[in-house]
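Structure first, then comments.
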Amino acid sequence: MGDSTEPEAKRVKLGGNLTLYHKTWWSSSRVALLVHELGIGDKVTISDIDEEKLKKDEDFVKRNPAKRLPFMDLGDEKQGMTESGAMIELLLELYDTEGKFSVPTPSVDDPESIQKRAQFLRFLHFGPSTAYHIIAPLFFKSQVEGEERDQKGIDEQVEKWKQVVVLQLANQLQASGGPYLLGEQFTAADICITYDLVTASFIRGVEGLMDDPTLAKYFQALSSREAYKLLFTHSPK
């Protein structure tokens, strides 16, 4: 990916080693999963960060004023980087030099390549920008019990998950033939949605989130990968 004319080795080394600040079960898991899939742990350090540093460390907060994860240090201790989708695109450009987890830039005269690239980019951002903002509130609502539990709000959020997320994923999987979003090739688009499906699978006391047979088969394919097992080996408390 990318049109840089600089030598590949030079591009890969820009900024020195990168550091991804991460907490287990947080949305930084998307980027951590790509690091594991690419096998670039020697180039991108995954650093567990405690909430004290995340919220109160003066230098860290100066570079990350939103006090949110993921945050990636680019090796120069300057501004750094936020937004998981943007991080994933950068890591693909730097380290996925053979295009194993991405789709080539299309030719304007090749409608098929345009369609494939379009669907790749669509689902690369679908997890962080759409699915997350449905499943995360549902996860937190589901933790509330007793009289304070908002069952109506939960039911509405479940329906939104089915209509907005499950339906689009199922349609894409059926169109591509699976087992992944773009067919036989496992890409960063699959990596980006994995976190949201993991979150859905751990929600207790809410039915119907993962019942769609096409989605269930897809999640089985995702969860059988070794990188998945490295990150998601137990359920969050």
Set of aspartates and glutamates near residue 152 by C-alpha distance (under 19 Å), chain-local residues within fewer than 8 positions excluded
207
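What is the chain's relative contact order, in percent, from Cα pairs under 8 angstrom and six or more apart in sequence?
Numbers: 282 pairs, mean separation 46.5, N = 237.
Taking the mean separation of contacting Cα pairs over the length of the chain, I get 20 percent.
Quick check: net charge around residue 102, other residues with Cβ under 10 Å of its Cβ, Lys/Arg +1 and Asp/Glu -1? Could the numbers behind the result be given before it?
On the way: positive: 100, 117; negative: 89, 93, 96, 98.
In short, -2.
About its Cα centre, what dipole magnitude does the stretch 111-231 give when the only charges are +1 on Lys and Arg Cβ and -1 on Asp and Glu Cβ, stated in debye to the nearest 20?
My answer is approximately 400 debye.
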The alpha-carbon pair-distance distribution computed for the stretch 111-231, with 5 angstrom bins and whole-percent values, is 2, 11, 22, 23, 18, 12, 7, 3, 1, 1, 0
Here the FRET efficiency for residue 109 versus residue 171, based on Cβ atoms and R0 = 25 Å and rounded to 0.05, is 0.35
Consider just the alpha-carbon atoms of the stretch 8-95 and return their Rg together with their Dmax, both in angstrom.
12.4, 38
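If each DSSP helix of 4+ residues adds -39,500 (n - 2.57) and the sum is divided by the residues in the chain, what number results at 222 nm, nearest 500 deg cm²/dmol? List each step's numbers first, then the result.
Numbers: 12 runs with 118 residues, N = 237.
Mean residue ellipticity at 222 nm (helix-derived): -14500 deg cm²/dmol.
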Which net charge results when you count Lys and Arg as +1 and Asp and Glu as -1 among the other residues whose beta-carbon is under 9 Å from that of residue 178?
0
Hey, rough spin-label estimate for residue 144 and residue 224, points 7 angstrom out along Cα→Cβ, what's it come to in nanometres?
4.0
In Å and whole numbers, how far do the C-alpha atoms of the chain stretch along each principal axis, longest first?
59, 51, 29
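So which of 53/78; 53/141; 23/217; 23/56; 78/100; 23/229 end up more than 20 Å apart, counting from Cα to Cα? Walk me through the intermediate numbers first.
Values: 53/78 17 Å; 53/141 27 Å; 23/217 28 Å; 23/56 16 Å; 78/100 31 Å; 23/229 16 Å.
Violating the 20 Å Cα-Cα cut-off are 53/141; 23/217; 78/100.
Readers should treat all values here as calculations from the given coordinates under stated rules, not as data from a laboratory. The model shown is predicted, which means the values in this text are computed figures rather than measured ones. In this analysis, Cβ positions are derived from the backbone assuming ideal geometry, glycine residues included, and neighbour counts consider all displayed protein chains.
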